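> Next up is a structure, given as C-alpha cells.
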Amino acid sequence: MKKIFLIAVLIAVTLCVHAQNPTYRVYAVRFAKSAYPFTAADWAKGAPKTDSVKINFMVWLIQGNGKNILLDAGFQNDLDDAKEFKVVDYTRPDLALAKVGLKPEDITDVILSHPHWDHIDGVGLFPNAHIWIQKEDFNYFVSTSWQKGEHHGGYEKRDVRTMIDLNMAGRVTLVNGDDQEIMPGIKVFTGSRHTFNSQYVLVNTGTNKIVLASDNIWVYYSLEHLVPPSDGGTLDPEGYVKAMQRMKTMVSDQKYIIPGHDSRIFDRFGGAANGVAEIK
C-alpha cells in the first residue's frame, strides 16, 4: 500500500511539473509574398545594394498547453500599403491556417508584436482570440500617434477602431513592460522600439527556446551583422541592436532567432512547398 501511495505521489508531482512547464511547437505560416525587387540595403543599414532579399508575410503559430496562439494577425489585402509592396500569392491569414488544419475560431490568443498594418489588420478575423499587446504601444497607437507632430506611419485608422472595440469587449490584455510571462512558457520582451514599444516573444518548446522577433528584426542581415534597420525602421537604433544582442543570450543557437520578413526562414527550416515551416 505504501509503495502504491509513493507511486501515486510521484505521478501527481510529475503531472504538476508538466502543467507548470508546458511546451510548445512553433510554426511559420506564410500567407503572402512581395514581388518588389528589394535589396538588403532596403532593410538593413549599411547592407549591400547588390544583395537581393525576398520578403514574405507570415504569422507564427504556437501550439501547446491546450492553446493555438498566433504571433501577429497579418493583413487583409485591400490596403493601399499592400499594393505598394506588390503583394502576390496572397491568402487571407485566417484561411491560410487551413494549411495546419486550423479554422479561424480555433485560435485562442493573438500576441501582437506591434500595430503596423501588416501585423495587426487581420486581428478581427479570429472571433475567439484574446489579444495581447504592450500597453504603451496600444496607448500610442490609438491616441497620441494621431496628434499633431506625432508619427502614425504604418498605422491604419480601421485597425485603431478595431482594437478599441476589442478592448471594450474585454478581449485585450495590455502587457505592462519588459520580461513578462504572459502565459506559462511564453514571455515577451521589449527594447528594440520598432514602434513606440514593440515586443518580441520567447517560446519554450521543451527542447529549445525560440525567439520570434517579428519586426524587431526585419531580415537575417541585421541579425548576422548586428546593424539596425534602414531609416525609419526603429525609434532607437542603438536599442534595436542591443535587443538583438540580448536575444542571442536567450537561445542555445542563433538559428532559433526568427526575423519577421525574411523568406530564408523556409530555406532553413523547410516547408517552402506549402508555406509552412516548423521551427525546430
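> Going by what's in this entry, would Gly124 be described as closer than 18 Å to Arg158 by Cβ, open to solvent by less than 10 Å² (accessible area, probe 1.4 Å), out of contact with any Leu (no Cβ under 7 Å at 6 or more places or on another chain) and not charged (D, E, K, R)?
No; evaluated as a whole, the condition is false for this residue.
> Taking the criterion of being of a type in the set (Val, Ile, Thr) and either in contact with a Gly (Cβ under 8 Å, 6 or more places away or on another chain) or at pLDDT 90 or above (or both), would at least one residue in the range 8-18 satisfy it?
No, that holds for no residue.
> I'd like the full set of residues that are without any contact (Cβ under 8 Å) to a residue 24 or more places away in the chain and within 20 Å of Leu61 (Cα to Cα), limited to the range 222-270.
Lys255, Asp267, Arg268, Gly270
> Moving on to the next point. Do we find a residue being of a type in the set (Val, Ile, Thr), modelled with pLDDT under 95 and farther than 24 Å from His130 by Cα anywhere in the range 219-235?
no
> While we're looking at this one, here's another question. Go through the range 174-216 and give me each residue that's touching an Asp or Glu at 6+ places or on another chain (Cβ under 9 Å) and among the polar types (S, T, N, Q).
Hits for the range 174-216 are Asn176, Thr190, Ser192, Thr195, Asn197, Ser198, Gln199, Asn208, Ser214.
> Return the residues of the range 85-126 that are among the acidic types (Asp, Glu) and free of Cβ contacts under 8 Å to residues at least 40 places away in the same chain; say none if nothing qualifies.
Scanning the range 85-126 gives Asp94, Glu105, Asp106.
> Here's a check for you: in the range 264-280, which residue that is surrounded by fewer than 20 Cβ atoms within 10 Å (Cβ to Cβ) and assigned to a loop (DSSP other than H, G, I, E, B) is modelled with the lowest pLDDT?
Per the stated criteria, the residue is Ala272.
> In addition: Restricting the search to the range 24-82, which residues are among the polar types (S, T, N, Q) and open to solvent by 10 Å² or more (accessible area, probe 1.4 Å)?
Result: Ser34, Thr39, Thr50, Ser52, Gln63, Asn65, Asn68, Gln76, Asn77.
> Looking at Val219, is it farther than 26 Å from Thr91 by Cα and touching a residue at least 12 places away in the same chain (Cβ under 8 Å)?
No; evaluated as a whole, the condition is false for this residue.
> Search the range 191-218 for residues being polar (S, T, N, Q) and open to solvent by 10 Å² or more (accessible area, probe 1.4 Å), and hand back the single one that is farthest from Ala44 (Cα to Cα).
Only one residue tops the list, namely Thr207.
The rows are residues; the columns are (1) out of contact with any helix residue (DSSP H, G or I) (no Cβ under 8 Å at 6 or more places or on another chain); (2) more than 25 Å from Val203 (Cβ to Cβ).
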| residue | (1), (2) |
| --- | --- |
| Gly154 | no, yes |
| Lys157 | yes, yes |
| Val172 | no, no |
| Gln180 | yes, no |
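> I want to confirm something. Restricting to the range 234-256 and keeping residues that are farther than 11 Å from Val211 by Cα and within 17 Å of the chain's Cα centre (by Cα), which single residue is most open to solvent (accessible area, probe 1.4 Å)?
Thr234
> Sort out which residues of the range 234-280 are of a type in the set (Val, Ile, Thr) and under 20 Å from Asp72 (Cα atoms), and write them in order of number.
Within the range 234-280, Thr234, Ile257, Ile258, Ile265, Val276, Ile279 meet the criteria.
> Additional query: Looking at Leu166 and the list (1) under 26 Å from Gln63 (Cβ atoms); (2) within 17 Å of the chain's Cα centre (by Cα), which single condition is not satisfied?
Just one mismatch for Leu166, condition (2).
> Here's another thing I want to ask about it. Could you tell me how many of the residues in the range 209-233 are farther than 19 Å from Lys255 by Cα and over 19 Å from the mean Cα position of the chain (by Cα)?
3
The values are calculated or read from the model by the stated rules, or taken from the named source; none is laboratory data. Just so we're clear, the structure is a prediction, and the values are computed from it rather than from any experiment. Every residue, glycine among them, receives a Cβ derived from its backbone with ideal geometry; neighbour counts consider all protein chains shown. Ligands, DNA and RNA are stripped out before the accessible areas are found, and what is left, the full protein with its side chains, is counted by its heavy atoms. Shrake-Rupley method; radii C 1.70, N 1.55, O 1.52, S 1.80 Å.
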